Amino acid sequence: MAKTQEDAKKFVEDLVKTLGAQITDIVINNDPDTGLSTINVTSPDGRILIGRDGESLSALNTLLHRYLEADMNDKDSKTEHHPALLSLDINNFQKSKIEGLKTKAHMMAERAKFFKSSIDLEPMNGYERRIIHTFLEKDKNLITDSSGLGRDRHIVIKFVENKDEI
């Protein structure tokens, strides 16, 4: 049986406390635009939990996803309980990073439209690529594709006259 968001919240709370960090607040936010949910933790020990360039936060997210996948079957992979749809954020670190990604995607999308060409973004992880794909998918003059392999995988923003006609 798939674990619920409340199960995941309890897992995160226990994990953070086991690491010796304090929690001021912990809430689950659901984003109807992207279908993504986030467990937001507020902690005075955020620097430790986030780590250098978000490395510790990324590791905590990996642990959360492994926990959620532990007893999942094929049927559960198509539901709202899929691990890829739930992430962990500490002191809004991820939220501000996402806002930065959206700003960059908007600037590059405008450039692609102005020059009527394709724009390659820098390599990024799958989560970051998903944010940009989702953010730009409603634009009728843009198509986004992922290109490259491994650490070189990146998004290409392509200008089209009208993607509804493709």
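General observations
- Checked against (1) assigned to a helix (DSSP H, G or I); (2) farther than 28 Å from His133 by Cβ, Leu57 meets all criteria but (2).
- Restricted to region 1-20, and to residues there that are assigned to a loop (DSSP other than H, G, I, E, B) and surrounded by fewer than 17 Cβ atoms within 10 Å (Cβ to Cβ), the residue that is modelled with the lowest pLDDT is Met1.
- For region 118-142, taking the residues that are farther than 23 Å from Asn61 by Cβ and touching a Leu at 6+ places or on another chain (Cβ under 7 Å), the one that is surrounded by the most Cβ atoms within 10 Å (Cβ to Cβ) is identified as Leu142.
- Boolean, Ala70 is farther than 19 Å from Thr134 by Cβ and either modelled with pLDDT under 90 or not assigned by TED's automatic domain parsing to the domain that holds Arg130 (or both): yes
- Of residues in region 117-131 being at pLDDT 90 or above and in a loop (DSSP other than H, G, I, E, B), the one farthest from Leu86 (Cα to Cα): Ser117
- Looking only at region 132-151, and only at residues there that are part of a helix (DSSP H, G or I) and not hydrophobic (A, V, I, L, M, F, W, C), the one that is nearest to Leu36 (Cα to Cα): Thr134
- Residues that are exposed (fewer than 11 other Cβ atoms within 10 Å of the Cβ) and not acidic (Asp, Glu), drawn from region 23-53: Val27, Pro32, Arg52
- Residue tally, condition loosely packed, with under 10 Cβ neighbours inside 10 Å and not in a loop (DSSP other than H, G, I, E, B), over region 152-166: 3
The values are calculated or read from the model by the stated rules, or taken from the named source; none is laboratory data. On a predicted model such as this, the values are computed, not experimentally measured, just so you know. All Cβ positions, even for glycine, are placed from backbone atoms using ideal geometry, and neighbour counts span all protein chains on display.
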